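A short reminder: the numbers here are calculations on the coordinates, not readings from a lab. For clarity, every value in this text was computed on a predicted model and none was experimentally measured. Because the Cβ atoms are built from the backbone with ideal geometry, glycine has one as well, and the counts that use them run over all protein chains shown.
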Amino acid sequence: MKTFFACLSFALALIPNVAAHYRFNSLIIGGQSSPEYTYTRKNSNFNSPVTDVTSNDLRCNVGATGAGTETATVAAGDTVGFALDTPVYHQGVLNVYMSKAPADAASYDGSGGWFKIYEISA
């Protein structure tokens, strides 16, 4: 019995605490993907979680700036989505929010109001 619990403890220790975190690197408009980081902000976080929930990094991820980010034109009725740098491979809650830039999106720091546009519950 001791051996069983020792093996179980070892196996549980191998399971990672966090299964995945994602970066949305391309905009999809009408089924066509943009080149990476043309319309999305590149960051320096490489899928690690933002651990400080009071940090401004929750807006666009660690190291993200609007520099070089373009604004896409979307026609009424177009389907819009985002591509990820890796497939989503765990189940869990997913919330998607947007914030309206007061002028051009490249200089917007995300400090305005946010509204939820999509969610997947656990």
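Quickly work out the Ser48-to-His90 label distance, labels modelled 7 Å from Cα along the C-beta direction, and quote it in nm with one decimal.
The answer from the label model is 1.6 nm.
Just check the range 52-122 against the gyration tensor rule for me: Cα atoms, a ≥ b ≥ c as the square roots of the eigenvalues, rounded for a/c under 1.5, and otherwise prolate or oblate depending on whether a/b exceeds b/c. Don't jump to the answer; show the numbers that get you there.
Numbers: a/c = 1.61, a/b = 1.18, b/c = 1.37.
Oblate, because a/c is 1.5 or more while a/b does not exceed b/c.
For a Förster distance of 35 Å, can you work out the FRET efficiency between the beta-carbons of Glu36 and Lys116, rounded to the nearest 0.05? Working shown, then result.
Numbers: r = 25 Å, r/R0 = 0.73.
With R0 = 35 Å, the Cβ-Cβ based efficiency is 0.85.
What are the residues whose amide H is under 5 Å from the amide H of Phe82, where those residues sit 5 or more places off or on another chain and H is modelled from the backbone?
Excluding prolines and chain starts, which carry no amide H, the hits are Ile28.
Taking 0.36 nm per intervening residue step and subtracting the Cα-Cα distance, what contour gain separates Ala106 from Ile29 on full extension?
On the way: separation 77, 0.36 × 77 = 27.72 nm, distance 1.90 nm.
So the chain would gain 25.8 nm between Ala106 and Ile29.
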